Amino acid sequence: MLDPTAMILADKATRHHVMSARPAAPTAPERPPRQRAEGMRLAAAVVLRRLADRVEPRRVETCVPAS
């Protein structure tokens, strides 16, 4: 009824998860950010901001001095 392969894989996955919290656990170096992705993200933000302004324009709020 029990699948021995699944039990072995679950045991290995559990050990890997538990051992990853140790101080001497191996770490993966962080990748430097991609410059092209940053430009694409900025372009997408500009397009979405313009679209949002067309759908629902923002009102210009004026400063009113307190009396």
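Filtering the stretch 20-50 to residues that are open to solvent by less than 100 Å² (accessible area, probe 1.4 Å) and part of a helix (DSSP H, G or I) leaves Ala37, Glu38, Gly39, Ala43, Ala44, Ala45, Val46, Val47. For beta carbons closer than 9 Å, sequence separation of 6+ or different chains, a first residue in the stretch 47-67 that is on the phi < 0 side of the Ramachandran plot and a second that is open to solvent by 100 Å² or more (accessible area, probe 1.4 Å), the qualifying pairs are Ala52/Arg58.
The values are calculated or read from the model by the stated rules, or taken from the named source; none is laboratory data. The model shown is predicted, which means the values in this text are computed figures rather than measured ones. We place every Cβ from the backbone using ideal geometry, glycine too, and count neighbours over all the protein chains shown. SASA here: full protein model, heavy atoms, side chains in, ligands and nucleic acids out. Shrake-Rupley method; radii C 1.70, N 1.55, O 1.52, S 1.80 Å.
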